[in-house]
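These notes concern the structure reproduced below.
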Amino acid sequence: MWPLRPAGRALFLSLLFALSPLPAQAQTPNAWINEIHYDNAGGDTDEVVEVVIEDAGSVALDRFQVLHYNGADGNSDAAAPVPLDAFAPGATAGGFSLYSYNYTNNGETLQNGTEALALCFDGNDDGTFETLVSSGGTDQFLSYEGTLTGTSGDGCAGGETSTPIGADESTPPPVGESVQLEGSGTAYTDFTWTGPLASTTGTPSAGQTLSGSVTITVDDDGPADYASIQTAIDAAGPGATIQVLEGFYAESVTVDKQLTLEGPNAGTPGDATRGSEATIEGQVVISASDVVFDGFDVAPPPATSNATAEALRVGTAPDDVVVTNTVVRDFEESGLPPWEGLGGIVAFGGNSGDAIDDVTIADNKVQNLDGRDTKGGAAGISVQGHVDGATVTGNTVANVGMDATTWAFGIVVRGTDNHGQTPTGVDASGNDVSAVQSAPATSTVGVGFGFEDGAAGTTTVAGNSFSNTELQVEDKTAALDLDALLADNTFDRAVVVRNANGNVKDESGVQRIYSPISPAVAAAAPGETVEVHGGTYAETVTVDKALTLQDASTPTVDAFEVAADNVTIDGFTITGGTVGGETAGIFVQSNTSGHTFSANNLGGPGSGTGLRVRSGVSGTEITENNISGWAVGVAADAPGQNVQVADNCISGNTTAGVQSSGGQILTATGNYWGASSGPSGD
């Protein structure tokens with residue numbers, strides 16, 4: 001090898017050092033002394049130091065200690081440093097945790113006059129402590145009532161000169177006051193010492209806002225900080241953000257501290273086009289306040305007990321929780337105890353004195369809760385018990401329950417019956433609920449929106465879309481304004497029963513917006529009105545009591561069978577169904593009377609009879625209808641009397657417009673036949 005010239009040797013050494021690994025540098029936590037109380041009027045009381053740490057869960061507390069330096073000689077209490085794991089944990093805010101140590105209660109004291117406190121940190125985790133340099137560049141060797149220099153070699157601040165904080169208790173304040181930091185930010189230098197003011201030990205001062213963030217990543221097959229969501233939660237400090245990458249996570253998850261959890265579809269609504277999912281194959285329980293759960297796919301295994309019967313549960317009185325942009329799907333039961341039901345997303349305040357305050361369930365999709373065939377049921381989204389403030393908005397709920405399910409709800413607000421706790425301040429707006437079903441033989445069939453208990457005056461139900469449910473709305477308090485619900489929401493079908501005063505009927509303390517017409521007819525009493533809103537009703541409705549069936553916006557119905565006196569049918573589009581072995585639009589049974597059929601559009605299938613009047617029918621008016629597309633428009637049997645067919649448009653019927661047989665007394669006047677040949681040749 002040729003000898004290197006001096007310039008070559010310099011270049012070689014430069015490259016060698018550039019390529020050689022540098023010693024690992026310990027990351028210094030973002031921490032500082034936040035509050036001090038060292039003197040007060042009278043005897044020493046609650047002399048305390050408070051420390052704040054960002055992302056406290058990421059570092060062992062015994063790697064911190066606080067050391068007191070005496071201003072008289074600069075010496076420390078090196079024989080008795082206080083490790084941070086001896087401090088009392090306090091609140092968390094914005095990703096920061098507060099810890100405090102009460103010297104007085106531990107038989108110690110902080111001196112008056114010029115004194116200093118050093119926050120020390122073992123950066124290499126080898127027992128060697130140095131003064132911590134906080135974010136912003138300030139040594140945490142802080143003094144009050146002057147400046148001092150630590151004795152060289154004495155403790156972590158030996159040989160260092162303190163930084164005076166600029167606030168003191170040289171005039172002893174009353175018991176319960178301290179000097180403390182005020183301001184807003186994420187670094188020590190964002191704040192200013194002030195006071196004495198009322199002590200807030202364990203929480204940020206009244207004038208302090210802490211806001212910071214730490215991000216942790218999770219990937220089931222790496223590379224990331226963790227492979228398990230729960231492990232990441234356990235390791236995270238309050239206020240951290242956990243970003244979960246796509247994959248399958250076969251675990252249940254409990255969020256028991258202030259965190260933001262973001263799946264790969266964070267920000268993308270559950271019913272939108274989504275990318276690859278982070279699928280949690282287990283139950284999710286949120287029990288802490290200030291949690292955001294955003295952008296996941298939750299698909300638990302079949303529920304086998306009450307504890308596992310909710311796919312995603314917000315419980316144990318947390319406040320300010322947001323569950324958003326998440327899909328909850330394909331959840332069923334396997335041997336649940338009787339009366340236990342499945343829940344998709346559940347905010348359960350239970351019976352405790354401390355309510356869940358301000359929970360938001362927004363832009364999620366809940367689908368395919370198969371219910372069960374015993375005495376329990378299923379609910380897509382449930383707000384239950386002691387909940388004060390719930391926003392349920394922008395969610396899609398579909399395919400809840402099955403034919404054998406005892407009860408099923410798309411969205412339900414309910415109390416805890418045995419403890420009397422009920423939700424207040426519920427806003428259910430802008431949701432899309434469809435395909436909710438349960439056993440037709442039960443008293444509670446599939447319900448789009450159920451209100452079983454709660455503060456009706458603080459409940460909002462508006463801007464929702466309900467379709468393909470057995471009951472659109474069921475209010476078991478009879479306190480909601482169902483007329484407002486009819487006006488403020490969209491229904492594929494909607495039927496209400498109105499009493500003689502025109503109000504929605506109170507059915508023994510229950511109000512309902514039905515989906516089919518027939519159950520509403522069954523619930524109505526003679527003389528009441530069944531009001532049918534727009535939609536297509538694929539049913540033949542048997543009217544077996546004196547009722548008025550009135551349209552609200554031209555609904556379409558297969559057929560009506562009239563089997564009682566004094567029935568009015570007004571304003572329907574009728575397409576034909578099978579009644580009594582015949583095809584008909586309105587089929588009037590024999591020996592009934594007092595009917596009015598008006599303003600209907602009977603458009604037939606090319607066969608059958610538009611309006612079939614059996615023998616012995618009397619006192620009936622058929623007026624202002626449009627009857628076409630049948631073999632016979634109106635057919636009347638004998639004997640009977642006073643059947644008036646007037647001011648109708650009867651045309652396009654292949655055999656006859658009006659046909660009377662056997663001496664039926666039928667009067668046809670003022671009708672339009674569609675042809676000059678009249679009612680039998682059109």
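The values are calculated or read from the model by the stated rules, or taken from the named source; none is laboratory data. Because the structure is a prediction, the values reported are computed rather than measured. Neighbour counts run over all protein chains shown; Cβ positions are idealised from the backbone, glycine included.
Observations
- Pick from the range 479-513, criterion farther than 19 Å from GLY410 by Cα and of a type in the set (Gly, Ala, Ser), ranking: farthest from the chain's Cα centre (by Cα): ALA500
- Residue satisfying all of: in the range 171-191; among the β-branched types (Val, Ile, Thr) and in contact (Cβ under 8 Å) with a residue 12 or more places away in the chain; farthest from ASP39 (Cα to Cα) among these: THR186
- Pairs where the first residue, in the range 215-243, is within 12 Å of ASP256 (Cα to Cα) and the second is at pLDDT 90 or above and of a type in the set (Gly, Ala, Ser), C-beta under 7 Å, 6+ apart: GLY237/SER97; PRO238/SER97
- The one condition in (1) farther than 12 Å from ALA118 by Cα; (2) at pLDDT below 95; (3) of a type in the set (A, V, I, L, M) that LEU132 fails to fulfil: (1)
- The criterion of at least 1 residues that are small (Gly, Ala, Ser) is met, among strands (runs of 3 or more DSSP E) falling completely within the range 533-598, by 536-543, 556-562, 577-579, 582-588, 596-598.
- Scanning the range 484-493 for residues that are out of contact with any His (no Cβ under 8 Å at 6 or more places or on another chain) and part of a loop (DSSP other than H, G, I, E, B) gives ASN489, ASP492.
- Filtered residues of the range 483-502 (kept if crowded, with 21+ Cβ neighbours inside 10 Å and of a type in the set (A, V, I, L, M)): LEU485, ALA494, VAL495, VAL496, VAL497
- Boolean, GLY127 is free of Cβ contacts under 8 Å to residues at least 12 places away in the same chain and closer than 26 Å to VAL59 by Cα: yes
- Any chance THR459 is in contact (Cβ under 8 Å) with a residue 12 or more places away in the chain, crowded, with 18+ Cβ neighbours inside 10 Å and more than 14 Å from the chain's Cα centre (by Cα): yes
- The residues listed here are TYR226, TYR249; of these, the one that is in contact with a helix residue (DSSP H, G or I) (Cβ under 8 Å, 6 or more places away or on another chain), of a type outside the set (S, T, N, Q) and in the same structural domain as PRO301 (by TED's automatic domain parsing) is TYR249.
- One residue from VAL59, VAL51 being touching a Leu at 6+ places or on another chain (Cβ under 9 Å) and modelled with pLDDT of 85 or more: VAL51
- Test: residue in the range 605-624 that is hydroxyl-bearing (Ser, Thr, Tyr), outside any strand (DSSP E or B) and modelled with pLDDT of 95 or more: yes
- THR209 meets all of the listed conditions (1) modelled with pLDDT under 90; (2) under 30 Å from the mean Cα position of the chain (by Cα); (3) not in a strand (DSSP E or B) but one, namely (3).
- Top-ranked residue of the range 173-206 - restricted to ones that are among the aliphatic types (A, V, I, L, M) and assigned to a loop (DSSP other than H, G, I, E, B), ranked as surrounded by the fewest Cβ atoms within 10 Å (Cβ to Cβ): ALA206
- Any hit, the range 104-112, residues being more than 22 Å from ASN40 (Cα to Cα) and among the polar types (S, T, N, Q): no
- Of the residues making up the range 550-583, those that are closer than 18 Å to THR623 by Cβ and either of a type in the set (Val, Ile, Thr) or under 38 Å from the mean Cα position of the chain (by Cα) (or both) number 9.
- Within the range 158-170, the set of residues being in a loop (DSSP other than H, G, I, E, B), closer than 19 Å to ASP77 by Cβ, in contact (Cβ under 8 Å) with a residue 12 or more places away in the chain and more than 52 Å from the chain's Cα centre (by Cα) comprises GLY158, GLU160.
- Only listed residue being crowded, with 18+ Cβ neighbours inside 10 Å and in the same structural domain as ASN464 (by TED's automatic domain parsing), chosen from ASP363, ASP354: ASP363
- Of all residues in the range 271-298, those satisfying the criterion of being part of a loop (DSSP other than H, G, I, E, B), out of contact with any Gly (no Cβ under 9 Å at 6 or more places or on another chain) and within 21 Å of GLY341 (Cα to Cα) are GLU281, GLY282, GLN283.
- Filter result for ILE233 (farther than 18 Å from VAL327 by Cβ and part of a strand (DSSP E or B)): no
- Taking the criterion of being surrounded by fewer than 18 Cβ atoms within 10 Å (Cβ to Cβ) and over 34 Å from the mean Cα position of the chain (by Cα), the residues of the range 522-541 that qualify are ALA522, ALA525, PRO526, GLY527, GLU539.
- The set of residues in the range 252-305 that are small (Gly, Ala, Ser), in contact with a helix residue (DSSP H, G or I) (Cβ under 9 Å, 6 or more places away or on another chain) and buried (at least 21 other Cβ atoms within 10 Å of the Cβ) contains only ALA278.
- Scanning the range 306-316 for residues that are among the small types (Gly, Ala, Ser) and surrounded by fewer than 19 Cβ atoms within 10 Å (Cβ to Cβ) yields a total of 1.
- Condition check for ASP122: farther than 19 Å from PHE191 by Cβ, touching a residue at least 40 places away in the same chain (Cβ under 8 Å) and not hydrophobic (A, V, I, L, M, F, W, C): yes
- Complete set of residues in the range 625-646 that are outside any strand (DSSP E or B) and either buried (at least 19 other Cβ atoms within 10 Å of the Cβ) or not assigned by TED's automatic domain parsing to the domain that holds ALA668 (or both): ASN625, GLY629, TRP630, ASP637, GLY640
- The sole residue among SER465, SER438, SER508 that is surrounded by fewer than 17 Cβ atoms within 10 Å (Cβ to Cβ) and either free of Cβ contacts under 8 Å to residues at least 12 places away in the same chain or under 23 Å from GLU340 (Cβ atoms) (or both) is SER508.
- All conditions but one from (1) part of a strand (DSSP E or B); (2) under 19 Å from ALA378 (Cα atoms); (3) out of contact with any Lys or Arg (no Cβ under 6 Å at 6 or more places or on another chain) apply to LEU261; the one that does not is (2).
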